[in-house]
Every structure is written in C-alpha cells, then in structure tokens.
Amino acid sequence: MTTKKRFGLDIDGTITDPDTFVPHLNKHFDQQLTLDDLTEYDLTSILNISEQEFWDWLTKHEGDIYTEAKLAPFAEKALLNWSTEHDLIYITARRKHLDVITKSWFQSNKVPFNHIELVGGHNKLEAVRKHDLDIFFEDKHDNAVMIAEEFKIPVILMDTPYNRLSIPDNVIRAHTWQEATDWVDQWMKETAE
C-alpha cells in the first residue's frame, strides 16, 4: 500500500508546455523567438522592453494565453496516475483575478486537482508551508531552490532554457515528464521502505 503524499505543482511552464508564451510573444512583439531563445525567466531583457510595458501586455493578454495553454507532453498521464493515490495541490504565481480562467482550464482539460492556489507573485514559500507538501514541481530556478532549501523536500525542476543554473542536491532536473515520473516512482519506493 502506498502512503498518500501531497504533491505541490506549479502550473505555467511546469504542467503547461514551456513554449506556451512563445507564439504570443512573436505575434505581439513582432519577434521570431523559439523556446531556446528564452534563456532568462525575465522576458523584459529578451524583448528589450520595460517592466511596465511587459505587465501592460501581460494584463491585456494573459486570459487568452492561459486559456489556450497546452499541457506539457506526458504531464496528463502522470497527473492522472498520481491523482488516484495522492493529493495534487497547484501553487501558481498567477494573480487572483485569474481564478475562474484557471479553474475552467483545469476542468476543460480534465486535469485532476485537489486545490489550486493563486498566490499572485513568485514567492510560494507560505503556500508550500501551509499545505505541508512532500514534493514540489517547478520551472522557475530560484523558486525551486528556495523551496528545496527551506523545506528540505525534493523539487523536480522541469528543464527549460531559462532555468539552467546550478542546483542543490534535492532539486532534480527532469528533461521530460516521463523522466520526472520515473524519478518520483523511485522516490516513492524508497520512502515506502
């Protein structure tokens, strides 16, 4: 029998395809970017725009971007499998006014969840503490490192061009959801022993 775990998961760039923003950036900023061009999490320097310009753009288009987001390859299978035995708690930097759009996306894409928390910023430490998570999945490098170091839990860092800095031992870089699933399966066996 498996011990029930509490899985914490980021949404954008983690369970959704990391290149979700690329076509929107290309369309609205007249670019020809690919995911490989996004070598920094902060898009203002890549686009050569101010933070205010970026937030004005995001505020105008984020509803469409999040509504149209595709699941990352193989994420659906992992989430469905885990949902039968574990709690899936999503903690996202999305702002609270996106609650309805976010929950509608989960329902229309049939993504299982026990709880979705929109923290409205990148500091997820309080939400991770509140939900007493056993493991976390993230694409933002500094979030992954902070969560791993603060809570001494494993954090799966979904590999992207913008998060390739060095990582501590309890941050595990996964290049695919299949790789993440394999690591979690092994971790589950070890923690059950």
Compactness ratio of the chain: Cα Rg over 2.2 N^0.38 Å, N = residue count? 1.01
If each Cα of segment 22-68 is one equal point scatterer, what is log10 of I(q)/I(0) from the Debye formula at q = 0.22, 0.29 Å⁻¹? -0.81, -1.30
Restricting to DSSP loop positions (anything but H, G, I, E, B) with no more than 13 other Cβ atoms inside 10 Å of their own Cβ, which GluC sites (Glu not before Pro) remain in segment 30-103? E40, E85
How long are the semi-axes of the equivalent ellipsoid of segment 86-193, defined as square roots of 5 times the Cα gyration tensor eigenvalues? Whole Å, largest first. 22, 17, 15
Once both label points are put 7 Å beyond Cα along the C-beta direction, the R95-N48 separation in nm becomes 2.7 nm
Run through segment 140-193 and list the trypsin sites (Lys or Arg not before Pro) located in a DSSP loop whose Cβ has at most 13 other Cβ atoms within 10 Å. K152, R164
q = 0.19, 0.26 Å⁻¹: log10 I(q)/I(0) that the Debye formula gives for segment 62-116, counting C-alpha atoms only: -0.69, -1.19
Explain nothing, just the number: dipole magnitude of the chain about its Cα centre with +1 on each Lys and Arg Cβ and -1 on each Asp and Glu Cβ, in debye rounded to the nearest 20. 640 debye
Ranking V128, V111, T67 by how far each Cα lies towards the positive end of the charge dipole of segment 58-140 (+1 on Lys and Arg Cβ, -1 on Asp and Glu Cβ), the top one is T67
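We did not get these values from a lab; they are worked out from the coordinates using the rules stated. Everything numeric in this text was worked out from a predicted model, so none of it was measured. Ideal geometry is used to build each Cβ from the backbone, glycine not excepted, and the neighbour counts take in all protein chains shown.
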